[in-house]
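Worksheet: the structure to be examined is printed underneath.
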Amino acid sequence: MIQLCTVLNINDNTGAQKGVCLKVLNKSKKQIGFVSDIVLLAVTKVKNKNKSKKIYKKELHKGLIIRTKKKLSRYDGSSIKFNENCVVLLKKEMQKNMYSPIGTRILGPVTNELRIYKDRYFRIMSIAAKSL
């Protein structure tokens, strides 16, 4: 469960490491985010190594939740749980409801629940290392 002021790890190669959730962009009134929801976040920690930075500290970006600490139950009765809350930074494409990642690599596994939204997150699923 991701809500206001949750600290999120950013798992791509954009140069950002951590961010804080400012708002969950879904249509429910509870403002709680799960896997495959989009959040608005502020970047709080950036790697110092990158000289040609794409992302700077205190910037606002949209991100896709790919892993959560909360147990995720599936239709077949199994459940999956991760050790950290992770996000991938997104940029809006020209087409409606189409998002693509800012980075070129996603570090770590991605859940299979993103496959339901193939038309929106096809690029994210194709560059991910694993899908669980």
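Every number in this text was worked out from the coordinates using simple rules, so none of it is lab data. The structure presented is a predicted model; accordingly, all values stated were derived computationally and were not measured. Backbone-built Cβ (ideal geometry, glycine too); neighbour counts: all protein chains shown.
Can you tell me how many residues within the stretch 62-91 are under 23 Å from ILE127 (Cβ atoms) and of a type in the set (D, E, K, R)? Walk me through it before giving the result.
In the first step, residues of the stretch 62-91 are kept if they are under 23 Å from ILE127 (Cβ atoms); the result is 62-68, 72, 80, 82-91.
Retained after the next criterion (residues that are of a type in the set (D, E, K, R)): 62, 67, 84, 91.
The number of residues fulfilling the criteria is 4.
What about GLN17, is it of a type outside the set (D, E, K, R) and touching a Leu at 6+ places or on another chain (Cβ under 9 Å)? No, not satisfied. SER126 falls short on exactly one of the conditions (1) among the small types (Gly, Ala, Ser); (2) surrounded by 13 or more Cβ atoms within 10 Å (Cβ to Cβ); (3) more than 19 Å from PHE34 (Cα to Cα), and that condition is (2). Tell me, yes or no, whether the stretch 73-92 has at least one residue that is in contact (Cβ under 8 Å) with a residue 24 or more places away in the chain and out of contact with any strand residue (DSSP E or B) (no Cβ under 8 Å at 6 or more places or on another chain). No. In the condition set (1) over 19 Å from LYS130 (Cα atoms); (2) small (Gly, Ala, Ser); (3) in a loop (DSSP other than H, G, I, E, B), GLY19 is compliant with all but (3).
Residues to consider are VAL46, VAL24; find the one that is under 21 Å from GLN3 (Cβ atoms) and among the β-branched types (Val, Ile, Thr).
Values: VAL46 fails: under 21 Å from GLN3 (Cβ atoms).
Residue meeting the stated conditions: VAL24.
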